[in-house]
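Since every read-out is calculated from the coordinates, none of them should be taken as a lab result. Note that the structure is a prediction, hence the values are computed from the model and not measured. Heads up, the Cβs are rebuilt from the backbone with ideal geometry, glycines too, and the neighbour counts pull from every protein chain shown.
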Amino acid sequence: MIDRRKFLAATALCAGTLATGGIARAQEPGAPKAAAIETSQPFDFEALAAKMQEKAAKAYRSEQVDLPEVLTGLDYDEHRAIRYRPDRAVWAGGPSNYQLQAFHPGWLYKQPVELFEVSGEGVNPLVFSSADFEYRAPLEAEKFDGMQLPGIAGFRLHYPLNTPEYHDELIAFLGSSYFRALGKANVYGLSARGLAVDTAISGPEEFPRFTRFYLQKPQDGDAELTVFAELESKSVTGAYKFIVKPGANTVMDVDARIFIRSTISRLGIAPLTSMFLFGENDRVGFDDYRPEVHDNDGMLVLRKDGRRLWRPLRNPDTLSLSFLEENGPRGFGLLQRDRSFDHYQDTEARYEKRPSLWIEPVKDWGPGHVMLAEIPADKEIYDNIVAFWVPESGLEAGSEHRFEYRMIWGMDPEPGTELGRVIRTATGHGGAAASDPDPDLRKFVVEFGGDNLAAMGADKELSPRLNVRFGEPQEMLLQRIEGGAWRFIVDIRRDDKNTPVEIILSLTDGGEDVTETWMYQWSGLT
C-alpha cells in the first residue's frame, strides 16, 4: 500500500499562496545535462523514444545521486517545513497562464529528477537552489544557505482553474511515476502512475520512475501545456508525452512508448491508485462518526459492445484480485459517484470533492483484462485500491508497446448513458432485522437511478437479471421507490466461506437491459 501522507505532505501541505511576481529561469552555472538530448536543437519526441528504446537494449544502471546528509537526514515534519517560495515560481510574471513550483529533494525523495524547459531556443535545464525555498521551524535555515540542488523531487503546475484571479494547483508529479490532477472544484484524491510492473504477484513489485521531464514553455494565452518524460527501471524504459488541458474536467492526452528490458510477469497500463476504507457496502470493523471514508466508491468498465460494468469498491479482509477480460475496451476508471457531503460529514478531507478518473483508449488496445486489486487497510492514509489494463502479450524482453489514451479528471468524467446507473450499494446480515446474524447469509441492497427509470410509470414491471456463483440467492424483492429509482434486495447464502461469492445483476424490461450491470464479490465478512 502507498502511504498517502507521504504525497500530501509535499503537495497540499507544502503548497504556498502564489504571488503575482516571479522570474523566468535560464540556464545557470552548474546545471545538469540531459544525456542524449541535444540542448541546442529543437526537442523531438521521436528522438526521445529512440533514446529510451536504445537504453532498453542495455543493462540497467541506476542514476544514483548522493544527496548531502542535511537532506537525507530529513524526517517527515522537517521535509514538510520546506516550502517553495511563490515569488520564485517559474513563468510567474510572464504572459502565460501557467506557473511551476518544485518539490524539495530529501526525506523519502533521495533520487532527484531533472527538469528542462523546451522552447524555440532549444532545451534548457531548470536549476533550483536553496534560494527558491523557505526553511521553516523546526529546521535551521542557515544550514541550507547557498546550497545548489542536484535536482528536485518533483514539480507541480498551477493554473487559474476555479477563478481567473488565482492560480490553483492543477497537477503534481512526485515520487516514482506517480502524479495527480484536479478538475474544477476538486481536491486531491486518487493518483495515477506512468506504469505498473509486477503488481500483486508472488514476488516484489517494481516501481519505474520518471527520471527527467521536459516541459514545453507555455505561450501567452495557451490553455494547454505539454510535458514529456523519461521513464526507467530494471525491467522497462519508456518515453511519455502528456498534453494537459485544464477545465471543469481536466483532460490529459497520453502517448506512452514502452520498451521491455527484461521479461516481466504483469504489465499495468494507465494504473490508478486510490483509497477505500469503508462505505455503505462495507463498514465492518470501523467505529467512526463519518458514514463513509473513501476517495472513490467504484470501478466502471465500458466494454467494446457498449455494456457498462459497475463494481463497488471494498476493503477486504485479505488481498482480493478481480480480472475482467476484455478485447479492446472503450474505457475504465475509478469514480466517486456519491457527491453528497451528508454522506461523508468530513469538513477537512471533503471526500465528496475527490476527483473521479476515467481512462479512454484512443486506439484499440486489443485483448487483455482490467485488473482490480483491493488490499486490506485499517487507516485512511493508505492507498489500498489499484486498477489498470493488462495487455495479453508483449511481456518478454525486447518487446515494445505504444498505448495512447485520454485521462479525464473531474467531478463527473464518466461517459454518458441512457441506461440506469447504480446509485447505492448497501449490505448487512441476512434474514429479518431482528434475527441473529448468520455469517453465511448476507443481505445485498442495490439501487438504480436515471432518467429512463424515473420516466417509467409506477405500474411498470421490471425484472432482475441475477447470476450468483458459489452462493444461493434466497429472499428477493424488486420495488420502485421514491424519486423513480428502483431497489433490489436479495439474501444470499454462500457455499463456502473460503470461496468468494460472485454476484452479477442488471434490471430488464422485456428481456432488454435498462440498467448497467452491477458486479460484486463477497468474501470474508463483507
Just to verify a number: FRET efficiency for GLU418 and VAL362, C-beta to C-beta distance, R0 = 30 Å, to 0.05?
0.80
Could you pull out every one of the lysines with an alpha carbon less than 23 Å from that of LYS443, ignoring same-chain neighbours closer than 8 positions?
LYS497
Can you check what the net charge comes to around GLY203, using other residues whose Cβ is under 14 Å from the Cβ of GLY203 (Lys, Arg +1; Asp, Glu -1)?
-1
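For a quick check of your reading of the filter: which GluC sites (Glu not before Pro) in the stretch 128-191 sit in a DSSP loop and have no more than 14 other Cβ atoms within 10 Å? Before the final figure, lay out each step's value.
On the way: sites: GLU134, GLU140, GLU142, GLU165, GLU169; in loops: GLU140, GLU165.
Answer in residue order: GLU140, GLU165.
Could you calculate the contour length gain from ASP342 to GLN479, that is, 0.36 nm times the residue separation minus the distance between their Cα atoms, to one decimal place in nm? Before the final figure, lay out each step's value.
Numbers: separation 137, 0.36 × 137 = 49.32 nm, distance 2.50 nm.
Between ASP342 and GLN479, full extension yields an extra 46.8 nm.
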Here, ASP87 and SER393, labelled 7 Å along Cα→Cβ, have an inter-label distance in nm of 6.1 nm
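Arrange MET519, MET476 by Cβ neighbour counts within 10 Å, fewest through most, would you? Walk me through the intermediate numbers first.
Values: MET519 21, MET476 12.
Arranged by neighbour count, lowest to highest, MET519, MET476 become MET476, MET519.
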How far, in degrees from 0 to 90, does helix 45-56 lean away from the longest principal axis of the Cα atoms of the chain, to the nearest 10?
80 degrees
What's the extension gain from ASP451 to ASP287 if we count 0.36 nm per residue and subtract their Cα-Cα distance?
55.4 nm
Enumerate the residues in the stretch 434-476 having an amide nitrogen under 20 Å from the point lying 7 Å beyond the Cα of ALA185 toward its Cβ.
450-451
For the stretch 409-478, state which GluC sites (Glu not before Pro) are in a DSSP loop and have at most 11 other beta carbons lying within 10 Å of their beta carbon.
GLU418, GLU461
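Using 0.36 nm per residue of separation minus the Cα-Cα distance, give me the extension gain between ALA59 and GLU325 in nm, one decimal.
Numbers: separation 266, 0.36 × 266 = 95.76 nm, distance 3.38 nm.
Roughly 92.4 nm would be gained on extension.
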Which labelled figure in [x] 171; [y] 160; [z] 192 is volume of the Cα convex hull per residue in Å³, once derived from the coordinates
[y]
What residues from the stretch 99-122 fall in the zone where the backbone N is under 14 Å from a label point 7 Å along the Cα-to-C-beta line of GLN41?
122
